[in-house]
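This report concerns only the one structure given below.
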Amino acid sequence: MSRTIAEPYKIKMVEPLRTTTHEEREHAIKEAGYNTFLLHSDDVYIDLLTDSGTNGMSNIQWSKMFLGDESYAGASSYYVLEEAMREIYGFKHLIPTHQGRGAEHLTSITRVKPGQYVPMNMYFTTTRAHVEMAGGIFYDCIIDEAHDTKILHPFKGNVDIAKLQKLVDEVGPEGIAYLNVAPPVNMAGGQPMSMKNLREVRAFADRYKLPVIYDATRAAENAYFIQQREEGYKDKKIKDIFREMMSLADGCTVSAKKDNIVNIGGFMATNDDYYALKARELVVVFEGMPTYGGLAGRDLEAMAQGMHEMVDDAYIASRIRQVEYLGQRLIDAGVPVMQPIGGHAVFLDATAFLPHIPQENFPAQALAAALYVDSGVRSMERGIVSAGRDPKTGKDNKPKLELVRLTIPRRVYTNLHMDVVAESCIELYKHREQIKGLKMVYEPESLRFFQARFEPLP
Ligand code: F0G
């Protein structure tokens, strides 16, 4: 008999959840324009909108916050964070930012020349938006398997080196600003990259003297998949695997609101003295002094402690096993989900779930709204709405993946909450033909998914 492995922590403080009636939820989603981003959190029962900033901090993190040095310049908390970053990530320079997109902003404006390409393994919404605002062009270099929800590839986030080669052959290395690689890939379903592939990316970059910048937002979760799935890593510690991954990059951007188990924060890190200098010149314009980057000293302390906690083997295993638990319940019931199950979320395959709704009627958006009305579970559309429009043609980007993300916050919910979520998805799947498509009635110019409004089709 395989024995149960429980969470490596116990719960000291609880936050009551509010339940609502079906009628209340129908009213709330209508008021929110059928966009789960626009719901009031008081109307939500189990909030799986995101794992970003929604984490449960440890008693040690909370206690460290009292040590926060709130000096405007040269705060000791900065040096605590710098030391933790150098130990865990291993980069030379640290520039904190208010959250991940602040780091993406600094990276794009210092490194992208207008007209240059930035290859990424799939896109992330804010990362691509910053590259494009700096005049760069997004180029997708993820392996083809990532666009298919059924292929059981262990490292579906891998970069296709042939696609990188094709781009270099077309535009030359000078036409590329940097390789922006994300282990794991959020939009592909939290799919990891292998160490072998990270090494191949490094070797390719060296050949053409291109910098490799990671989006290391959930890289500790990627390290877990390497430990579990890649030959030669079974007996290695997450901390060492993580460090080896980072040693293959020139720098990174991080949203600390994920891996680092805090509620706010981010940073960029680099080994390059020139780009560190340039970023420090600009961080004072956009974020704050280079030693706090828009954060309070207490936030820096919580982040530093979070860096140590995120590479704890027992923690990361329990985190990812919970995501797997929810995914497996859905797989067992025949509900179509992105497979294999990724690190931070279970992704419902809205195309297979709702084959009667064409992509232009936003099946994933409609499914997220229906799930909320059924059980008060809040999820997020990751399909055609999130993909936005092509900046050149103005046409909708039509992603191959039309997904609803059930994102699991770290150390927040129990597996019984996961059961409630699974039962609601299973029930909806049984009556899926009753779910109707939507039409968009308000569309913001950029990052439209955050604030777009919809109405149900008759
Ligand atoms: N990179 C990745 C891979 C992310 O998932 C996010 C945020 C960011 C960068 C930007 O960081 O929000 O701190 O500015 N993802 C959140 C999500 C919003 O729900 O997936 P941020």
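Just so it is clear, none of the values below were taken in a lab; they were calculated from the coordinates. Only a predicted model underlies this, so the values are computations on that prediction, with no experimental measurement involved. Neighbour counts run over all protein chains shown; Cβ positions are idealised from the backbone, glycine included.
Key figures for this structure:
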quantity: Selection count where residues are β-branched (Val, Ile, Thr) and within 16 Å of the ligand (Cβ to nearest atom), scope the range 227-256; calculated: 2
quantity: Residues that are within 20 Å of GLU200 (Cα to Cα) and among the hydrophobic types (A, V, I, L, M, F, W, C), drawn from the range 235-262; calculated: ILE241, PHE242, MET245, MET246, LEU248, ALA249, CYS252
quantity: Verdict on ARG411 being of a type in the set (Lys, Arg), surrounded by 13 or more Cβ atoms within 10 Å (Cβ to Cβ) and in a loop (DSSP other than H, G, I, E, B); calculated: yes
quantity: 1 or more residues within 21 Å of LYS278 (Cα to Cα): qualifying strands (runs of 3 or more DSSP E) within the range 86-147; calculated: 93-97, 117-120
quantity: Failed condition for ILE60, given (1) outside any loop (DSSP other than H, G, I, E, B); (2) within 16 Å of the ligand (Cβ to nearest atom); calculated: (2)
quantity: Of all residues making up the range 85-122, the number that are in contact with a Lys or Arg (Cβ under 7 Å, 6 or more places away or on another chain), over 24 Å from ILE238 (Cβ atoms) and away from the ligand (no atom under 15 Å from the Cβ); calculated: 1
quantity: Flag for GLY189 being surrounded by 15 or more Cβ atoms within 10 Å (Cβ to Cβ) and over 20 Å from LYS398 (Cβ atoms); calculated: no
quantity: Answer residue from the range 169-209, given it is more than 28 Å from TYR233 (Cα to Cα) and in contact with a strand residue (DSSP E or B) (Cβ under 7 Å, 6 or more places away or on another chain) and is nearest to the ligand (Cβ to nearest atom) among those; calculated: TYR178
quantity: Search result, residues across the range 123-142 that are within 15 Å of the ligand (Cβ to nearest atom) and more than 21 Å from PHE449 (Cα to Cα); calculated: ILE142
quantity: Test: PRO211 is within 23 Å of HIS93 (Cβ to Cβ) and either surrounded by fewer than 24 Cβ atoms within 10 Å (Cβ to Cβ) or within 14 Å of the chain's Cα centre (by Cα) (or both); calculated: yes
quantity: Test: residue in the range 278-285 that is part of a loop (DSSP other than H, G, I, E, B) and either within 16 Å of the ligand (Cβ to nearest atom) or in contact with a Gly (Cβ under 7 Å, 6 or more places away or on another chain) (or both); calculated: no
quantity: Matching entry among VAL201, VAL168 (being in a helix (DSSP H, G or I) and buried (at least 24 other Cβ atoms within 10 Å of the Cβ)); calculated: VAL201
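One line per residue, one yes/no per condition, for (1) in contact with a Leu (Cβ under 7 Å, 6 or more places away or on another chain); (2) part of a helix (DSSP H, G or I); (3) over 15 Å from MET85 (Cα atoms):
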residue	(1), (2), (3)
ASP206	no, yes, yes
TYR214	no, no, no
GLU221	no, yes, yes
TYR224	no, yes, yes
ASP235	no, no, yes
ARG243	no, yes, no
